[in-house]
Structures are given as C-alpha cells and as structure tokens.
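Below is one structure, written out as structure tokens, with a few remarks after it.
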Amino acid sequence: MKIDFRIEHIDPMGQGVYKSEESDPEKRKITFIKKTLPGETGIADVFSEKKGVRFAKLVELKEMAKERITPDCPHFAECNGCDYQHTTYEKELEYKQAALARHLFKFPGVKINVHGAQKRLGYRNRIQLHYNKKKKQLGMLDGQMNILPVPECKIISPGIAFELRSLYNQNSWQGLLSKEPVEGHIELYAKENIKGHNVQLSFNKPYANGGFTQVNFEMNEELCQWVQNAANEIIPPKAIVYDLFGGNGNLSAKLKNSTIVIDKYRHLPEQRAHQKFFSQDLYDKDAIRALIGLKNLGHPRPQWLLIDPPRSGLKNIQEYLNEFKPDGFIFIACEATSFARDLAAVLDQYELKSVELFDLFPSTQHFETVGIFTRRKNN
Ligand SMILES: C[S@@+](CC[C@H](N)C(=O)[O-])C[C@H]1O[C@@H](n2cnc3c(N)ncnc32)[C@H](O)[C@@H]1O
C-alpha cells in the first residue's frame, strides 16, 4: 500500500518518523521510513503493519531536506547495513547525539561528549554476508530480508573490499561453499591493523568466530586512549580493576592498574604484565560466586570495574555492585537502550559523572556509549 508522508523527526534507529493526521486519534498511524530526513515529503510503500505502527520503504521524494546528500554507496537505498549516508557526517552525529539524549532521560542534566570518526567510510574490518546457493545469491539482507548483492560496499576497509570483490568475481564464492548447507553466512574479517593481505573468511561460524575484536581499528584506538586517560585521572594506581566482558583485554590494555580480564571465551592475549585472564560466563547464575572465588587464586577484590557487555547489557549489574562495592566503574555499551535500562537502576548508589558517545560505526545507526560512575558517599 502506497502512502504520502511528511517526516517529523529521526528516531534513535535512524529512521524517519511520519505521524498521520486523521482527526480521529484511533485512526492515526505512525510510520517509520528509513533513508528519509526531517521535513521531507514523498511516497512510501508500507511493507509491514501492526497495531497502528507501520514500516514503509521510500518510493519517491517530493520535497528534499537541504541536508540530503548523494550517498557514496550505490547500494545505500536498498541495503540495511547503513542508515545515514544520505546526509552529512555532522548531521549524522547530531542525530546520534539526540538519540542518545532521548535514551538518557532518566539521567537528567548529563552532557554528552561526542567523539566523531575521521573516516566515515572504509573502516569496517568485519562483514557478515548471507548466501543462498540455490538462488545463487550472496549479500546483505535488505529491509524485507531478501539477499541484496553488495560488491561495492563502501564502509568496509580496503583489504576486506578487495576480498569481497573477488568473492563476487565470476561467483567464486559458490566454489568455496561446496560442503556448506544451502543457506548460511560468510564472514570476512581482518583482526589486525596491518597493511596487506590479512583478511580471513569463515563459513557458518558464530559472529566474531575466534574472538571478539572491535570493527573499527582507528576509533577503537581513540576509545582505548580515552579509557586510559580517564583511568589515570580517576582510578588510584594501586586499585585493582576487573575488566568484565574484557575479550582480549583491549580496553584495559593501556591501564597502569593491575587488571583481571574476564570473558566467557578465552582469547589468546598479548603478553601484558598488568593483565591476568580468567574465563567465566558472566551471565551464569553462579558468575559472581566464581569471581569471589578468585581471591582463593591469589587475586584481590576489585576497587574499579570496566564493564563492556554485548548488546544485551548486564541486567543484574546491581548484584555485581552490591557484592564488590567498587569505588566506581566505567560502562561501555554498544546498545544505548541497555545502558539506560541497566544503569538507571543503580543511580541511588552510583553517580553518573560523564557520558561519551564514541562513533565506532559511522554511516550506521550504531555507536558506543561510555559512562563513568562513582560511588555516592554513604553507600
Ligand atoms: C562488546 S564485546 C567487548 C570486548 C572487549 N571489551 C573489547 O573491547 O574488545 C563483548 C565481549 O563479551 C564477551 N561475552 C559474550 N557473552 C559473554 C558471557 N556470557 N560471559 C562473559 N563474556 C561474554 C564476548 O566474548 C566479547 O568479548
């Protein structure tokens, strides 16, 4: 069904929002239309509708916003990977800051410091593609879950882009998948920021197979540097730090503090004298007990925590804080909704000192939210 629209604002997921204006409030609908901008009018095609909420695909623009620019990527209109290439990077950062501010309504008065990226394109060192051997399709899923070929994807780094084009060249990907199921996924990734040929492929393995690494090397460096500076300022040098969901110890790599890096998956860490690694499922019901047990292995309890969970966050963070009573913690969230949900619950005990938005995912709706929390007096 085709509808006329006028976009009111951009939502936290980077979608344009249109509210219909029927006089009967019962009949009013809200429609989310990706790749549109505030003030724009046009025609969109509704592809899904539930309880007065519609999702539609942009068909035609009648009035264009002055912030609209031509996307660098030829796949942008169809591809679900990017959300902001149709506007300037300054605007993208504004929308992201507004999205975060909206999520942080339970933390009134907090200022958001924005750390934009140098490179808006050519940064991603990891891409996951879906394939269907029968249909001879390889690509990203579009809004309707169809596979869209993306040989010219612009946000991936040059090494990954080279490998991607070779996969598409004469459909060479099909030859690589002879032993794989009819449908599945391929991941291309580079784990180190070295020039040349370090791109690897995996077939039908879980995301970030072989160990999580951040997808944006340059911005990850900035984030780690910022964590180091913040830690030097607020964490006493003798304080013990637990780096929860620490992966390969990336975020605490530059700390001066003695640190225990805890992650479910044991990764091969670089040799850093101040870091010890411990493997633990932190969502397990006995996780806290296991961490308490670290003292039997000669590891003191932590005075500060770094917490960098996956998208689902850390719902029982309160239990960790009640047990360890750290002087403070730095929380790094790749999902602002879980940051807001998990941390609003601890505000009685901990004060939010600052919030940073690090744009590790330019051109897309995603970003990292970093908050420093310190224990309130009398707690
Ligand atoms: C957002 S990443 C952060 C990794 C690391 N801090 C970094 O900067 O590279 C989340 C980490 O959580 C780990 N993880 C996922 N599920 C987990 C679980 N149930 N228990 C502990 N760690 C988990 C992943 O292995 C991954 O390293």
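The values are calculated or read from the model by the stated rules, or taken from the named source; none is laboratory data. The model shown is predicted, which means the values in this text are computed figures rather than measured ones. Here Cβ is always computed from backbone atoms with ideal geometry, including for glycine, and neighbour counts include all displayed protein chains.
Computed quantities for the displayed model
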quantity	calculated
Residue check for Leu255: part of a helix (DSSP H, G or I) and buried (at least 16 other Cβ atoms within 10 Å of the Cβ)	no
Any hit, the range 17-25, residues being within 23 Å of Glu335 (Cα to Cα), outside any loop (DSSP other than H, G, I, E, B) and touching a residue at least 60 places away in the same chain (Cβ under 8 Å)	no
Among (1) modelled with pLDDT of 95 or more; (2) in contact with a Phe, Trp or Tyr (Cβ under 9 Å, 6 or more places away or on another chain), the one test that Glu67 misses	(2)
Residue satisfying all of: in the range 196-228; β-branched (Val, Ile, Thr) and within 16 Å of the chain's Cα centre (by Cα); nearest to Arg165 (Cα to Cα) among these	Val215
Matching option when the condition is touching a Phe, Trp or Tyr at 6+ places or on another chain (Cβ under 9 Å) and modelled with pLDDT under 95, among Ala44, Ala56, Ala99	Ala99
Residue in the range 219-238 that is without any contact (Cβ under 8 Å) to a residue 12 or more places away in the chain, within 12 Å of the ligand (Cβ to nearest atom) and not assigned by TED's automatic domain parsing to the domain that holds Lys179 present	yes
Conditions (1) among the aliphatic types (A, V, I, L, M); (2) farther than 18 Å from Gly14 by Cβ; (3) surrounded by fewer than 14 Cβ atoms within 10 Å (Cβ to Cβ): number failed by Val53	(2)
Pairs with Cβ under 9 Å, 6+ apart, first in the range 301-313 and assigned by TED's automatic domain parsing to the domain that holds Ala333, second more than 12 Å from the ligand (Cβ to nearest atom) and polar (S, T, N, Q)	Gln303/Asn257; Trp304/Asn257; Arg311/Thr337; Gly313/Thr337
Filter result for the condition that a residue is surrounded by fewer than 15 Cβ atoms within 10 Å (Cβ to Cβ), over 18 Å from Thr369 (Cβ atoms) and in contact with a Pro (Cβ under 9 Å, 6 or more places away or on another chain), over Asn198, Asn204	Asn204
